[in-house]
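Okay, so here's the structure we're looking at.
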Amino acid sequence: MAVLGFSSSSCRSVAVVGAVLVLVMVLNGADLCNGGKTSSFVRKVEKTMDMPLDSDVFRVPPGYNAPQQVHITQGDHVGKGVTVSWVTQDERGSSVVRYWSENSEHKKEAKGNVHRYRFYNYTSGYIHHCTLRNLMYNTKYYYEVGIEHTVRQFWFMTPLEVGPDVPYTFGLIGDLGQSFDSNLTLTHYEHNPLKGQTVLFVGDLSYADQYPNHDNARWDSWGRFVERSVAYQPWIWTAGNHEIDFAPELGENEPFKPFTHRYLVPYRASNSTAPFWYSIKRASVYIIVLSSYSAYGKYTPQYKWLEQELPKVNRTETPWLIVMMHSPWYNSYNYHYMEGETMRVMFEPWFVKYKVDVVFSGHVHAYERSERVSNVAYNIINGLCAPIQDQSAPVYITIGDGGNLEGLATNMTEPQPKYSAYREASFGHAVFDIKNRTHAYYSWHRNQDGYAVEADSMWFFNRIWHPVDDSTSA
Ligand SMILES: [Fe+2]
């Protein structure tokens, strides 16, 4: 049988050559495709929309000038301090926090400060910040803000004293925004039976900058939305690109203006000179927060701070070393391609040298977990420019899937790169559950599942105390 003019023998030859070509392609593909799992889970396809301002989650608490947008974060370096912040909308009111430990009758008072800021045609309410210091470890505290008929009461737990085997459970949320999906994400986090005690928030809070004139009323609504969690447990803040609010067309030339007025971080306690990079200790963890949107080149303040900070981490005291930053270094989605690359070039050798356990990022509105890889050998001429398996390297986790109005990142690079262990374009949150100095259990939870369901998980073996291969333990 002649096919396209070939004789049957030449046709057989073509078939053999074709089969060899297919085999070569498959083998090549196998080599290229040696990444992890790309989930086939069918995620939502509806448009992601912000909740309207009259939604119940944005409700202003009743009473004239009642405190709203109450939130707490760690207020010192070791977990004995808590910074309480809130807004009074109508007038200055009181900046006093009354607080007492459970089983104590004696109410203490701490006086904070208050200020307002302007952004284009918006004037903020009165923003109060008050840091409670020298609290007892492992203690439930109640606290109150407001006066007379507008007093509002909340509570929080302080962590155990910093030590190598202190268990602790962190929630991970990023790029949250204030859409209907954001509300689902927060609800799932609140109902997760693993019970996160502190949220590591990897940046992009309110997305107010997506509104005309960066409508700062959407910073207020976001503050009211997340109060139900962040008034009761600290959220540890990372600055994302949606915190920059740089708008010279509006006469607003001060980057991070609304964010820094509203959200304090204890950066001075770690000798940082700016609130965008800092560190805290909490339980058995040393947490370093970096800024993807502040200078990090050699000789810059952030570079010099990190250079001095990493050798200070005592893994005998805090075996776990976590880094947070907004823009991921290892990202196989076709969104924000290589935006984290220049910071990776600057800092990755240090992360490998100091054996960072895990790096949490956001920015890409999806989920991804990497293998333990590094890419530090390249020197322009040696050609070693691909990531390699490296047991001294961190696991990189992108958790930018909080559910903001910009929607999901669904377009992935194909084939899945080797460094990518699991990726899925669904909204959700994660939990990093530290058991002791050697083991931590990590899980990712997509919004479409029941509260207890883990869509991805991994046992972490500590890089210092249990340095064996954990990258296939999912
Ligand atoms: Fe972002």
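The values are calculated or read from the model by the stated rules, or taken from the named source; none is laboratory data. Because the structure is predicted, anything quoted here is derived from the model rather than measured. Every residue, glycine among them, receives a Cβ derived from its backbone with ideal geometry; neighbour counts consider all protein chains shown. We work out accessible area using only protein heavy atoms, side chains counted, and drop any ligands, DNA or RNA first. Shrake-Rupley method; radii C 1.70, N 1.55, O 1.52, S 1.80 Å.
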Self-check item: Interchain or long-range residues, amide H under 5 Å from GLU252's placed H
Solution: ALA247
Quiz item: What residues have an amide H closer than 5 Å to that of VAL199, excluding those fewer than 5 places away on the same chain, when H is modeled at 1.01 Å from N in the peptide plane?
Solution: GLY171, TRP235, ILE236
Practice problem: Could you look at the range 336-474 and say what percent of its accessible area is carbon and sulfur, using a 1.4 Å probe and all protein chains? | Solution: 57 percent
Quiz item: Which of the residue pairs LYS281/LYS435; LYS257/LYS353; LYS353/LYS418; LYS195/LYS355 have a Cα-Cα distance greater than 26 Å in the structure shown?
Solution: LYS257/LYS353; LYS195/LYS355
Self-check item: 19 Å reach of a label modelled at THR413, 7 Å along Cα-to-Cβ, counting backbone N of the range 333-356
Solution: 333-349
Self-check item: Farthest toward positive dipole pole in the range 342-474 [+1 Lys/Arg, -1 Asp/Glu at C-beta], among SER361, TRP444, GLY402
Solution: SER361
Exercise. Read phi for every residue in the range 249-257 and hand back ³J(HN,Hα) as whole Hz from Karplus 6.51 cos²θ - 1.76 cosθ + 1.60, θ = phi - 60°, with x for Gly and Pro.
Key: 5, 9, x, 9, 10, 9, x, 6, 4
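Grab the beta carbon distance between LYS37 and ASP165, set R0 = 25 Å, and tell me the FRET efficiency rounded to 0.05.
Working: r = 33 Å, r/R0 = 1.30.
Step by step, r from the Cβ atoms, then E = 0.15.
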Quiz item: Taking the Cα centre of each part, how many Å lie between the range 369-441 and the range 267-343?
Solution: 16 Å
Quiz prompt | Extreme residue, positive dipole direction of the chain, given options ASN334, ALA455, ALA269 (C-beta unit charges) | solution = ALA269
Practice problem: Please report how far the C-alpha centroid of the range 46-109 lies from that of the range 176-194, rounded to the nearest whole angstrom. | Solution: 19 Å
Exercise. Would you mind working out the magnitude of the charge dipole of the chain relative to its Cα centre, with +1 at each Lys and Arg C-beta and -1 at each Asp and Glu C-beta, to the nearest 20 Debye?
Key: 980 debye
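Once whole DSSP H runs in the chain are found, which of them have Cα atoms spread over 30 Å or more along the helix axis and a mean Kyte-Doolittle score of at least -0.5? Working shown, then result.
Working: long enough: 8-32 (35 Å, 1.56).
Membrane-span-like by this criterion, though nothing is claimed about a membrane: 8-32.
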Quiz item: Mind listing the phi-derived Karplus ³J(HN,Hα) values for the range 363-377, rounded to whole Hz, using 6.51, -1.76 and 1.60 with θ = phi - 60°, and x for any glycine or proline?
Solution: 6, 7, 7, 6, 10, 7, 10, 9, 6, 7, 10, 9, 8, 10, 8
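Under 1.5 on a/c is rounded, so check that first for the range 288-356, then, if it is not, pick prolate when a/b is larger than b/c and oblate when it is not; a ≥ b ≥ c are the square roots of the alpha carbon gyration tensor eigenvalues. Kindly include the intermediate steps, with their values, before the conclusion.
Working: a/c = 2.30, a/b = 1.47, b/c = 1.57.
It comes out oblate by the Cα gyration axes.
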Quiz prompt | Stretch gain in nm, segment THR187-ASN271, where the contour uses 0.36 nm per residue and the Cα spacing is subtracted | solution = 26.7 nm
Quiz item: Which aspartates and glutamates have a Cα less than 18 Å from the Cα of LYS108, not counting those fewer than 8 places away in the same chain?
Solution: GLU144, GLU148
Self-check item: Chain lengthening between GLU406 and GLU341 when straightened (0.36 nm per residue, less Cα-Cα)
Solution: 21.1 nm
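Under a 1.4 Å probe, what is the accessible area of the chain per residue, stated in Å²? All intermediate terms of the calculation are to be shown ahead of the outcome.
Details: 19680 Å² over 474 residues.
Normalised by residue count, the accessible surface of the chain is 42 Å².
How would you classify the range 378-474 from its alpha-carbon gyration tensor, with a ≥ b ≥ c the square roots of the eigenvalues: rounded for a/c under 1.5, else prolate if a/b is greater than b/c, otherwise oblate? Kindly include the intermediate steps, with their values, before the conclusion.
Details: a/c = 2.52, a/b = 1.15, b/c = 2.19.
Verdict is oblate for the range 378-474.
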Exercise. Express in nm, to one decimal, how much length is gained between SER457 and ILE244 on full extension, taking 0.36 nm for each residue of separation and deducting their alpha carbon distance.
Key: 73.4 nm
Practice problem: Read phi for every residue in the range 73-88 and hand back ³J(HN,Hα) as whole Hz from Karplus 6.51 cos²θ - 1.76 cosθ + 1.60, θ = phi - 60°, with x for Gly and Pro. | Solution: 8, 4, x, 8, 8, 10, x, 9, x, 9, 9, 9, 10, 6, 10, 10
Quiz item: What are the residues whose amide H is under 5 Å from the amide H of LEU132, where those residues sit 5 or more places off or on another chain and H is modelled from the backbone?
Solution: VAL82, THR83, VAL84
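What's the carbon and sulfur percent of the range 93-169's accessible surface, probe 1.4 angstrom, rounded to a whole number? Show your work: numbers first, answer last.
On the way: 1830 of 4070 Å².
With neighbouring chains kept in place, the figure for the range 93-169 is 45 percent.
Classify the range 324-436 from the C-alpha gyration tensor, please: rounded if a/c falls under 1.5, else prolate or oblate depending on whether a/b exceeds b/c. Please list the in-between numbers first.
Values: a/c = 1.91, a/b = 1.33, b/c = 1.43.
Oblate.
Within 12 Å, Cβ to Cβ, of THR318, how many net charges do the neighbouring residues add up to if Lys/Arg are +1 and Asp/Glu are -1?
Numbers: positive: LYS281, ARG282, LYS312, ARG315, ARG437; negative: GLU161, ASP165, GLU317, ASP357.
Neighbourhood net charge equals +1.
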Quiz item: Along the Cα-to-Cβ line of LYS47, 7 Å from the Cα, sits a label point; which residues in the range 209-226 have backbone N less than 18 Å from it?
Solution: 210-212
Self-check item: Violating pairs (Cα-Cα greater than 18 angstrom) within the set LYS80/LYS312; LYS80/LYS140; LYS107/LYS140
Solution: LYS80/LYS312
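What is the antiparallel percent of DSSP beta bridges lying wholly in the chain, to the nearest 5? Walk me through the intermediate numbers first.
Working: 68 of 88 bridges.
Bridges in the chain are about 75 percent antiparallel.
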